[in-house]
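The values are calculated or read from the model by the stated rules, or taken from the named source; none is laboratory data. Just so you know, these numbers come straight off a predicted model, no measurement behind them. Reconstructed Cβ throughout: ideal geometry from the backbone, glycine too, with neighbour counts over all protein chains shown. These accessible areas exclude ligands, DNA and RNA; they are computed on the full protein's heavy atoms, side chains included. Shrake-Rupley method; radii C 1.70, N 1.55, O 1.52, S 1.80 Å.
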Amino acid sequence: MALLIDIKQPGWMEDEELQAILLKAYSQGDIRCAADPGNLDDIEMIAVSSYEIGEALRYPKLRLVQKIGAGVNGILEDDSLPASIQVARLKSNTPAHEMAEFSLACVLQEQRHLRHYRDNQSRWYWQALAPRQAHETTVAILGLGMIGNITAQRFVDNRFKVIGWSRTKKMLPGVECFHGEDQLAEVLKTADYIVSMLPSTPETVNLFNSETFPLLNPDATLINCGRGDLIDEADLIEALDKGLLAAAILDVMQTEPLTVNSPMWRHPKIVLTPHVSGWHLGDAVNDIAENLRRLESGEALLHLVNRELGY
Ligand code: NDP
């Protein structure tokens, strides 16, 4: 039985780099790279960051698609993926803390008007604006899973008022928790910042659209670190132009890399970052080797995805 590494994420991590790490964790494992896969009949597990539709069908004996990261929508969208093939993800504190830090950086930049001062500087314009205070600012975290939890706590620690929203009911220290579709409007209208840490599922795709944008506080900033398809981008531009929200900071987009003709590149109320809010995998990378070992020995696998729920 072999694990084939096929990351397909140029500029991030090479297959051989991950192979070396996994072999340290599990030296007996048959761990191969896409450049030299050997007999495809041996491959029972693949580890991917970017997944190509139909990819699983290349390996007749495949049993597990291991995502090297958290978002699995690109894999679950593959209608040709046999139901018998399991999908697992990573659950790592390291990128979760990075994403919490990224969200806090975005919020603090807005609180202290840094974007505005940058613009003023380019025009040699001196104008002092009152900073917004954390204890008078409400931050809503959408998605209270691994990443949302850590992010919510980071804002609590920084004295913000924090509210959260998830599918099922949650209780988190210092966070007023809401859940389910019926309570979304309350969250959206209350928040000064909305930080989305949601996965892409049939229920969350285009969650932000022409019907939900009018529910927002017009001074709100939307920060999306979850998945690009949570936002209808045409509706976002219209909502920003109408003043239904103040700004959007997007780490993820519907199409990545963003196409050159996207109006989002030049929109004055949009800040774009190239899917970098969570970067390092931390020790969780060893769970890939552990899943290979467990697959071989028939033990329960780590961090399996519920293919019905989509996360
Ligand atoms: P988890 O699976 O741990 O948590 C997902 C959260 O979303 C849960 O709280 C879940 O609710 C909630 N949720 C799911 N569906 C709904 C819904 N229909 N309505 C309300 N809430 C919902 O995921 P993680 O926290 O580990 O990761 C979240 C996402 O972050 C990933 O799926 C990925 O898309 C993205 N990501 C982005 C990165 C980047 O660099 N930009 C890096 C890593 C991840 P409940 O708790 O009730 O189940």
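Charges were assigned to the Cβ only: +1 to each Lys and Arg, -1 to each Asp and Glu. The resulting dipole of the chain about its Cα centre is roughly 1000 debye. Shown here is the pair-distance distribution of segment 121-264: with all Cα-Cα distances grouped in 5 Å bins from zero up to the longest one, the shares run 2, 9, 19, 22, 19, 14, 9, 4, 2, 0, 0 percent. Each Cα pair under 8 Å and six or more residues apart adds its separation to the average, and for segment 1-58 the resulting relative contact order is 52 percent. Under the criterion of Cα pairs below 8 Å and six or more residues apart, the relative contact order for segment 89-229 equals 22 percent.
Packing, taken as the mean count of other beta carbons within 10 Å per residue, orders the peptides 110-121, 270-281 from highest to lowest as 270-281, 110-121.
Applying Stokes-Einstein at 4 °C and 1.567 mPa s to the Kirkwood radius of segment 1-43, computed over alpha-carbon pairs, gives a translational diffusion coefficient of 121 µm² s⁻¹. For the chain, the share of DSSP beta bridges that are antiparallel, to the nearest 5, is 5%. Based on the convex hull around the alpha carbon atoms, the chain presents an average projected area of 17.5 nm².
So which of LYS24/LYS91; LYS67/LYS169; LYS91/LYS169; LYS169/LYS269; LYS8/LYS269 end up more than 30 Å apart by C-alpha? Cα-Cα > 30 Å for LYS169/LYS269; LYS8/LYS269; rest within.
Would you please classify the overall shape of segment 21-94 from the alpha carbon gyration tensor, given that a ≥ b ≥ c denote the square roots of the eigenvalues, rounded means a/c under 1.5, and beyond that prolate means a/b larger than b/c while oblate covers the rest? Taking the square roots of the gyration eigenvalues as a ≥ b ≥ c, segment 21-94 is oblate. Projecting the Cα atoms of PRO268, PHE155, TYR59 onto the charge dipole of the chain, computed from C-beta unit charges around the Cα centre, puts PHE155 farthest toward the positive end.
Of the solvent-accessible surface of the chain, computed with a 1.4 Å probe over protein heavy atoms with every protein chain present, carbon and sulfur atoms account for 52 percent. Measuring how big segment 101-184 is from its alpha-carbon positions, Rg and Dmax come out at 15.7, 50 Å. Qualifying GluC sites (Glu not before Pro) in segment 221-305, where qualification requires a DSSP coil assignment and no more than 12 other C-beta atoms within 10 Å, comprise GLU299.
In terms of its C-alpha gyration tensor, segment 163-215 comes out oblate, because a/c is 1.5 or above while a/b does not outweigh b/c.
The residues of segment 1-149 expose, per residue, 51 Å² of accessible area to a 1.4 Å probe. Here the relative contact order of the chain, from alpha carbon pairs under 8 Å that lie six or more residues apart, stands at 17 percent. With all protein chains kept in place, the per residue accessible area of segment 272-311 amounts to 53 square angstrom at a probe of 1.4 angstrom. In the chain, the calculated helix contribution to ellipticity at 222 nm averages -8000 deg cm²/dmol per residue, counting -39,500 (n - 2.57) for every DSSP H run with n ≥ 4. Once you order the gyration tensor axes a ≥ b ≥ c over the Cα atoms, which shape class does segment 244-311 get: rounded for a/c under 1.5, otherwise prolate or oblate by comparing a/b with b/c? Here segment 244-311 falls in the prolate category. Would you work out which of HIS303, LEU142, TRP12 lies farthest towards the positive end of the dipole of the chain, given +1 charges on the beta-carbon of Lys and Arg and -1 on that of Asp and Glu, about the Cα centre? Farthest towards the positive end: LEU142. Loop-resident GluC sites (Glu not before Pro) (DSSP state other than H, G, I, E or B) in segment 1-47 with no more than 16 further Cβ atoms inside 10 Å of their Cβ: GLU14.
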